[in-house]
Amino acid sequence: MTHDAFMRQAITTAQAAQKDGGVAIGAVLVHAATGKVVATGESLVGITKDPTSHAEINCIRTASKQLHTDDLYDYTLYCTLEPCSMCLGAAAWARIPHVYFGAYRKDVDASLFDTDTPNDEARAPHMNLREATSMQVQGGILEHECASLLAGYHDRAKHGA
C-alpha cells in the first residue's frame, strides 16, 4: 500500500472521531515490513475530558497494549494532522522511526497547536529514539483532504457542535 492509502485510513478514523463527538483527527500505526495496520486512534479529548487523549497517543496506547511492547521501532505512524509536541514526543519514546502526516498546522485553526513551536519536520531530526537514531517526519500527505476535516473547527468548538 502507499502513503496515500494509509492516510485515507487515518482520514476514515478521523471521520469516525467526529461522528463520535470528538475532533476530526485520526491516526493509524502500520507494521513497516508487512503494511498491516495494527492500531488506529481517534482524538477523544472532549469526550473523555482527558487532555492526553489525542489520536496519536490513543493509537500508540492501543498498539502497545495489543503487541505487549513499548518498542514500536518496526512501525510507521500516519496522522491526519501534524502532531503536537506531546504526540511527537510519545512517538519518539515509542521509538517510531517514521511519522507521516496530512495537514500542516498552518492549514488549520491556530487554537489546535502550541504557539511559536517549530514544525515537526524541523524538530524530528533532533528527536532521539533512545539510541541516537533520528526520527523522520514528512507532512503533506493528502494535505488538503486532511485540512478539510478541520474546516470550521473553531466555530464548531465555540458552539459545542
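Every residue, every condition in (1) at pLDDT below 95; (2) part of a loop (DSSP other than H, G, I, E, B), yes or no:
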{"residue": "I57", "(1), (2)": "no, no"}
{"residue": "T62", "(1), (2)": "no, no"}
{"residue": "T69", "(1), (2)": "no, yes"}
{"residue": "G89", "(1), (2)": "yes, no"}
{"residue": "R95", "(1), (2)": "yes, yes"}
{"residue": "V99", "(1), (2)": "no, no"}
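With respect to D109, is the statement that it is among the charged types (D, E, K, R), modelled with pLDDT under 95, loosely packed, with under 15 Cβ neighbours inside 10 Å and more than 22 Å from Q9 (Cβ to Cβ) true? Considered against the rule, which asks whether it is among the charged types (D, E, K, R), modelled with pLDDT under 95, loosely packed, with under 15 Cβ neighbours inside 10 Å and more than 22 Å from Q9 (Cβ to Cβ), D109 comes out as no.
Can you name every residue in the range 1-25 that is under 15 Å from the mean Cα position of the chain (by Cα), outside any helix (DSSP H, G or I) and either without any contact (Cβ under 8 Å) to a residue 60 or more places away in the chain or surrounded by fewer than 18 Cβ atoms within 10 Å (Cβ to Cβ) (or both)? Selection gives G22 alone.
Here T80, T34 are screened, and the one residue that is free of Cβ contacts under 8 Å to residues at least 60 places away in the same chain and β-branched (V, I, T) is T34. Just a yes or no: is a residue in the range 36-49 surrounded by 24 or more Cβ atoms within 10 Å (Cβ to Cβ) and touching a Leu at 6+ places or on another chain (Cβ under 9 Å)? Yes: the range 36-49 contains one or more residues that are surrounded by 24 or more Cβ atoms within 10 Å (Cβ to Cβ) and touching a Leu at 6+ places or on another chain (Cβ under 9 Å). Scanning the range 57-104 for residues that are under 18 Å from E42 (Cα atoms) and among the basic types (K, R) returns R61, K65. For residues that are of a type in the set (V, I, T) and surrounded by 17 or more Cβ atoms within 10 Å (Cβ to Cβ), scanning just the range 26-35, find the one that is farthest from L149 (Cα to Cα). Residue satisfying both the conditions and the ranking: V30.
The values are calculated or read from the model by the stated rules, or taken from the named source; none is laboratory data. Treat the numbers as computed from the prediction; the structure is a model and nothing was measured. Because the Cβ atoms are built from the backbone with ideal geometry, glycine has one as well, and the counts that use them run over all protein chains shown.
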